[in-house]
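I have placed the structure first, in the form of structure tokens, so that the comments after it can refer back to it.
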Amino acid sequence: MTNTIKMFATFMLVALLFSCNQPSPVAKEVLPKEPPKVAGLVEKVLTKAEQDALTPDMVIQSFKEGNARFMNNDLTARDHSAQVRKSTNAQFPKAIVLSCVDSRVPVEDVFDRGIGDIFVARVAGNFVNEDILGSMEFACKVSGSKLILVMGHEHCGAVKAAVDDVKLGNITPMLAKIRPAVEAVDYDGDRTSKNAAFVHMACESNVKNTIEQIRLQSPILKEMEEEGAIKIVGAVYDMDTGGVVFL
């Protein structure tokens with residue numbers, strides 16, 4: 001009997017030790033799943049050959065189509081990390097956009113553009129000065145961009161401040177660059193920021209004045225436009241819809 005008990009105990013011990021050496025289903029290593037492939041994922045960036053093949057009108061059309069996608073919440077899927085790597089040594093953007101600094105106007109998203117697609121210059125009230133004109137000349141004359149787009153926007157705080165002739169620190173000389181556009185509006189009604197209709201007219205007038213100043217202050221850009229190498233156009237971004245209206 002004693003030997004039988006000893007044999008049974010030995011058997012149970014061996015069985016227990018054997019079971020400890022077996023991998024538990026719960027303890028199996030779970031390998032991370034590969035992320036799902038995104039259909040239509042864009043990794044490439046614009047090349048010089050592709051930039052050279054563009055015309056100003058083609059760029060404008062691509063902006064209109066991109067803005068339609070933005071309004072429909074159908075932005076292009078892009079591998080930004082790949083685009084960063086592929087644009088490290090060179091860039092061949094289609095256009096330069098002059099926009100207000102307003103945080104509610106995400107320029108690249110508004111036109112569904114990716115890394116390397118556009119230059120963006122921003123200043124409150126989207127006016128031009130020597131630095132921005134130099135940036136535009138670099139974008140077009142040096143880097144081959146085909147379009148200059150001056151884009152204002154509805155409910156622009158800088159335009160409203162210029163309408164009311166606000167005086168405050170460095171804002172005062174900044175607004176002085178917008179005031180001529182406000183004064184140029186032919187309107188007999190309420191000429192304050194409380195009048196949305198007048199503010200809209202001032203916004204459009206400011207875009208047109210900026211375009212005029214580009215032509216007046218940059219012989220390089222004026223000549224390029226006259227030769228058909230570039231176009232200088234204006235637009236207003238609608239804060240309520242996300243749409244861009246070209247003037």
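The values are calculated or read from the model by the stated rules, or taken from the named source; none is laboratory data. None of the values given here were measured: they were computed from a predicted structure. Neighbour counts run over all protein chains shown; Cβ positions are idealised from the backbone, glycine included.
For region 142-155: of the residues being surrounded by 23 or more Cβ atoms within 10 Å (Cβ to Cβ) and among the aliphatic types (A, V, I, L, M), which is nearest to residue 128 (Cα to Cα)?
Across region 142-155, the extreme among qualifying residues is 150.
Determine which single condition residue 190 fails, assuming it passes every other condition in (1) within 30 Å of residue 53 (Cα to Cα); (2) surrounded by fewer than 17 Cβ atoms within 10 Å (Cβ to Cβ).
Among (1) within 30 Å of residue 53 (Cα to Cα); (2) surrounded by fewer than 17 Cβ atoms within 10 Å (Cβ to Cβ), residue 190 violates only (1).
For the structure I just gave you, tell me whether residue 195 is in contact with a strand residue (DSSP E or B) (Cβ under 8 Å, 6 or more places away or on another chain) and either modelled with pLDDT of 95 or more or among the acidic types (Asp, Glu) (or both).
Working: in contact with a strand residue (DSSP E or B) (Cβ under 8 Å, 6 or more places away or on another chain): no; either modelled with pLDDT of 95 or more or among the acidic types (Asp, Glu) (or both): yes.
It is false that residue 195 is in contact with a strand residue (DSSP E or B) (Cβ under 8 Å, 6 or more places away or on another chain) and either modelled with pLDDT of 95 or more or among the acidic types (Asp, Glu) (or both).
So is residue 108 within 14 Å of the chain's Cα centre (by Cα), part of a helix (DSSP H, G or I), at negative phi and not hydroxyl-bearing (Ser, Thr, Tyr) or not? Quick ask: steps written out before the conclusion?
Numbers: within 14 Å of the chain's Cα centre (by Cα): yes; part of a helix (DSSP H, G or I): yes; at negative phi: yes; not hydroxyl-bearing (Ser, Thr, Tyr): yes.
The answer is yes for residue 108.
Being surrounded by 23 or more Cβ atoms within 10 Å (Cβ to Cβ), hydrophobic (A, V, I, L, M, F, W, C), within 28 Å of residue 71 (Cβ to Cβ) and in contact with a Cys (Cβ under 7 Å, 6 or more places away or on another chain) narrows it down to one of 158, 139, 95, so name that one. Full working, then the answer.
Numbers: 139 fails: in contact with a Cys (Cβ under 7 Å, 6 or more places away or on another chain); 95 fails: in contact with a Cys (Cβ under 7 Å, 6 or more places away or on another chain).
Just one listed residue meets the conditions, 158.
Among the residues of region 150-168, how many are in contact (Cβ under 8 Å) with a residue 60 or more places away in the chain and farther than 26 Å from residue 232 by Cα?
0
Select from region 121-133 the residues that are surrounded by fewer than 19 Cβ atoms within 10 Å (Cβ to Cβ) and touching a Ser or Thr at 6+ places or on another chain (Cβ under 9 Å) and write down the one among them that is nearest to residue 73 (Cα to Cα).
Restricting to residues being surrounded by fewer than 19 Cβ atoms within 10 Å (Cβ to Cβ) and touching a Ser or Thr at 6+ places or on another chain (Cβ under 9 Å), the top hit is 122.
Would you check which residues across region 83-111 are under 15 Å from residue 151 (Cα atoms), among the charged types (D, E, K, R) and without any contact (Cβ under 8 Å) to a residue 60 or more places away in the chain and list them? Reasoning before the result, please.
Our first condition is that a residue be under 15 Å from residue 151 (Cα atoms); within region 83-111, this holds for 95-111.
If we keep only those that are among the charged types (D, E, K, R) as well, we get 102, 104, 108-109.
Once the filter is applied, which keeps residues that are under 15 Å from residue 151 (Cα atoms), among the charged types (D, E, K, R) and without any contact (Cβ under 8 Å) to a residue 60 or more places away in the chain, region 83-111 yields 102, 108, 109.
Can you give me the number of residues within region 142-156 that are within 19 Å of residue 103 (Cβ to Cβ), assigned to a loop (DSSP other than H, G, I, E, B) and not hydrophobic (A, V, I, L, M, F, W, C)?
Adding up the residues that qualify gives 2.
Taking region 111-141 as the search range and keeping residues that are among the hydrophobic types (A, V, I, L, M, F, W, C) and part of a strand (DSSP E or B), which one is nearest to residue 215 (Cα to Cα)?
Step one: of region 111-141, the residues among the hydrophobic types (A, V, I, L, M, F, W, C) are 111, 115, 118-121, 123-124, 127-128, 132-133, 136, 138-140.
Retained after the next criterion (residues that are part of a strand (DSSP E or B)): 118-121.
Numbers: 118: 21, 119: 19, 120: 19, 121: 17 Å.
Checked region 111-141; the qualifying residue nearest to residue 215 (Cα to Cα) is 121.
Can you pull out the residues in region 217-247 that are hydrophobic (A, V, I, L, M, F, W, C), part of a strand (DSSP E or B) and crowded, with 16+ Cβ neighbours inside 10 Å?
Passing the criteria: 232, 233, 235, 236, 244.
What are the residues in region 157-195 that are over 20 Å from residue 99 (Cα atoms) and assigned to a helix (DSSP H, G or I), if any?
183
For the structure I just gave you, tell me whether residue 70 is closer than 19 Å to residue 146 by Cα, among the aromatic types (Phe, Trp, Tyr) and surrounded by 13 or more Cβ atoms within 10 Å (Cβ to Cβ). Lay out the reasoning, then the answer.
Details: closer than 19 Å to residue 146 by Cα: no; among the aromatic types (Phe, Trp, Tyr): yes; surrounded by 13 or more Cβ atoms within 10 Å (Cβ to Cβ): yes.
For residue 70, the condition - closer than 19 Å to residue 146 by Cα, among the aromatic types (Phe, Trp, Tyr) and surrounded by 13 or more Cβ atoms within 10 Å (Cβ to Cβ) - is not met.
Residue pairs, Cβ under 8 Å, 6 or more apart or interchain, first in region 126-145 and free of Cβ contacts under 8 Å to residues at least 60 places away in the same chain, second charged (D, E, K, R). List them.
The qualifying pairs are 129/177.
Within region 198-207, is there a residue that is in a loop (DSSP other than H, G, I, E, B) and surrounded by 14 or more Cβ atoms within 10 Å (Cβ to Cβ)?
Start the filter on region 198-207 by keeping residues that are in a loop (DSSP other than H, G, I, E, B), which leaves none.
No, the conditions are met nowhere in region 198-207.
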